[in-house]
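Undergrad: Structure provided below as structure tokens; questions to follow.
Computed from the coordinates by the stated procedures, all read-outs in this text should not be read as laboratory data. Bear in mind that the values here come from a model prediction, so they are computed numbers and not experimental data. Neighbour counts run over all protein chains shown; Cβ positions are idealised from the backbone, glycine included.
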Amino acid sequence: MKTIRGKLLVYFFVFVILFQITAVSIFVSSNELTNSYDDSFQRFLLLNSISQKSEELYTHTYSFVTNTTANNEADYFETKELLEDKIDQLATAFNDTDQIEIKNYSNVMETFIHESELTVGFVLQDDIENYTYHLEETRIASDYIQAATLELIDVELTAYQGFYEELQVRNENFFLFIIFLFITTIMLAIFFVIWFSRGITQPIHKLSHAAKEVSEGDLLGEPVNIQSTDELKLLGDTFNNMRSNIHGLVEEIKDQSELDRLVKEMELKHLQNQINPHFLFNTLNTISKMAYLEDAKSTSGLIDSVATLLRHSLGQIDKTIALRDEVEVVRDYFHIQKVRFSERIQFELKIDENCLEIEVPRLTLQPLVENAFIHGIEEKEDGGVITLQTYESAGAVIVEIQDDGVGMKQDTINKLLSLSNLEEEHVGHSTGIGLTNVMRRLQLHYQVDNIVEIESELGEGTTIRLVLPKN
């Protein structure tokens, strides 16, 4: 993951490298101009020095002819050596000019030196005629060297004029380049500042806007999407996770609160519908034992079923029990209704024993069976059949309560499934618990919305199907 610090370092080094490249380019260009100027100036100095030394050499030669002394001889040879060194520098200094002119110039210089040497030699031999002749040749060569030097200097001045004009053009271009570099640098700096600051301020603005939504209670806003790879991306993702977690906790608290409300409501209904239920339960047990002793076994079994149903309804509503216990309560309820309505009501149980260990909320099946009896079968004069069936399917335990009663309209089914009539529904006679209460408690317990399915047609009956996840 890139960091803001890393980005700043990269931008800094990019600017440093750009300025270093520019500085090196300016230095190279300036160095080329300086070298060109220095070479031209050195050529001027060399030609001037050659001109001076050739004139000095002629003077020393003439002095030696007129006054042959050791000092004059030493001055002559010293000047000659210096002039020869200057001649050796010509080829190197003028390697980019017309080499023919330089070659001719060098030949003249060598001729001049040779004539001076001959003059000195004949002076030492005391040959007046020859040294007089060669002294004149030395003078003529010296004069020619002065003229040739002036011509070369004039050529160099002509070339220098072009160089000077080029130098002026380069100075103007360099000035324009400095202005261009200044403007470009400012524009690049502004661009990078805007781009970099925008990369920081936009995510912060999104985060502040989302934080304001959360402070106002909106936990379902659009996720904060930050297109970067630095700490701001991590901050945005963390904020999204935090808001999602807060929303989940709030919903969990709401569900738990609703579940507690339903439990309290059921407990209140139990208190309202019960008159000293423990006393009634103990009395029923006593009556059952008396009926058994009097050999009224059917009456005793009926009382036992009523007592069992009462004991089950007195249990803690907020606790879960095994599906097996719920089925046993339904058996007792079937027994009671069978005694009441005889052959008019038929009950069927199709139970898969492998499904009975799953945990379910207390008072789940009996209220649904009672609902089928009250609203489906009881209104029919010829009675009907209620079937309780359990089986496994796709990792879930399926519980079906089916009746062949009067059925219901689709609007009623939709209203039940949407839980929109929680306060207005008809409740059971024995427990005071209605269908939507059971449905909502199942949803809250399993944290699944589509846990109840209802199929019904008018005059054909109704099937309530519970899809209970195993895990």
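Undergrad: Once each part is reduced to its C-alpha centroid, what is the distance from the range 81-137 to the range 20-59 in angstrom?
TA: Rounded to whole Å, the Cα centres lie 25 Å apart.
Undergrad: What pairs in LYS53/LYS86; LYS254/LYS415; LYS415/LYS470 have C-alpha atoms more than 20 Å from each other?
TA: Working: LYS53/LYS86 9 Å; LYS254/LYS415 22 Å; LYS415/LYS470 28 Å.
Exceeds cut-off: LYS254/LYS415; LYS415/LYS470.
Undergrad: In nm, to one decimal, how far is the modelled label at LYS319 from the one at PHE27, with both set 7 Å along Cα→Cβ?
TA: 9.0 nm
Undergrad: Trypsin sites (Lys or Arg not before Pro) within the range 49-89: which are DSSP loop residues with at most 10 other Cβ atoms inside 10 Å?
TA: Details: sites: LYS53, LYS80, LYS86; in loops: none.
Passing both the DSSP loop test and the Cβ count: no residue.
Undergrad: Hey, another quick one. In sequence order, what are the phi-derived ³J(HN,Hα) couplings for the range 126-137 according to the Karplus relation 6.51 cos²θ - 1.76 cosθ + 1.60 with θ = phi - 60°, rounded to whole Hz, with x for glycine and proline?
TA: Along the range 126-137, the couplings run 6, 9, 4, 4, 6, 6, 5, 4, 5, 5, 5, 5 Hz.
Undergrad: Which semi-axes, in whole Å and largest first, does the equivalent ellipsoid of the range 315-469 have when worked out from the alpha carbon gyration tensor as the square roots of 5 times its eigenvalues? Mind showing how you got there, number by number?
TA: Details: eigenvalues 97, 71, 46 Å².
Equivalent-ellipsoid dimensions as semi-axes: 22, 19, 15 Å.
Undergrad: Moving on to the next point. So how strong a dipole does the range 4-192 carry about its Cα centre when Lys and Arg Cβ are +1 and Asp and Glu Cβ are -1, to the nearest 20 debye? Spell out each step's value before the answer.
TA: On the way: 9 positive and 30 negative charges, 406 e Å.
Roughly 1940 debye for the range 4-192.
Undergrad: Could you pull out every residue, at least 5 positions away or on a different chain, whose amide H is within less than 5 Å of the one on LEU356? Hs are placed 1.01 Å off N in the peptide plane, and Pro or chain starts have none.
TA: It is none; the list stays empty.
Undergrad: Percent of Cα-Cα pairs more than 16 Å apart in the range 158-214, please. Write out the running numbers ahead of the final one.
TA: Numbers: 1070 of 1596 pairs.
Roughly 67 percent, once rounded to a whole number.
Undergrad: If eta is 1.306 mPa s and T is 10 °C, what Stokes-Einstein diffusion coefficient results for the range 4-192, Kirkwood Rh from Cα pairs, in µm²/s?
TA: Working: Rh = 20.7 Å.
It comes out at roughly 77 µm²/s.
Undergrad: Next up: How about the range 207-249: which GluC sites (Glu not before Pro) there are in a DSSP loop, with at most 16 other Cβ atoms within 10 Å of their Cβ?
TA: GLU216
Undergrad: Apply the Karplus parameterisation 6.51 cos²θ - 1.76 cosθ + 1.60, with θ equal to phi minus 60°, to every residue of the range 250-256 and state each ³J(HN,Hα) to the nearest whole Hz, in sequence, with x for glycine and proline.
TA: 5, 5, 5, 5, 4, 4, 5
Undergrad: At q = 0.25, 0.29, 0.32, 0.33 Å⁻¹, what log₁₀ I(q)/I(0) does the range 42-88 have when each alpha carbon counts as one equal point scatterer in the Debye sum?
TA: -0.81, -0.97, -1.09, -1.13
Undergrad: Next question. Decide, for the range 333-421, between rounded, prolate and oblate: order the square roots of the alpha carbon gyration tensor eigenvalues as a ≥ b ≥ c, take rounded if a/c falls under 1.5, and otherwise choose prolate if a/b is larger than b/c, else oblate. Each step should come with its number before you reach the end.
TA: On the way: a/c = 1.97, a/b = 1.17, b/c = 1.69.
It is oblate, given that a/c is not under 1.5 and a/b is not larger than b/c.
Undergrad: Contour minus end-to-end for PHE77 and LEU234, with contour as 0.36 nm per residue of separation and end-to-end as the Cα-Cα distance?
TA: On the way: separation 157, 0.36 × 157 = 56.52 nm, distance 8.86 nm.
Taking 0.36 nm per residue and subtracting the Cα distance, the gain is 47.7 nm.
Undergrad: Roughly speaking, what is the stretch gain from ASN225 to GLU359, that is 0.36 nm per residue apart minus the C-alpha to C-alpha distance, in nm to one decimal? Present the calculation step by step, with values, prior to reporting the outcome.
TA: Details: separation 134, 0.36 × 134 = 48.24 nm, distance 4.23 nm.
Gain on extension, ASN225 to GLU359, equals 44.0 nm.
Undergrad: What FRET efficiency do you get for GLU392 and LEU458 if R0 is 25 Å and r is their Cβ-Cβ distance, rounded to the nearest 0.05?
TA: Working: r = 32 Å, r/R0 = 1.26.
Calculated value: 0.20.
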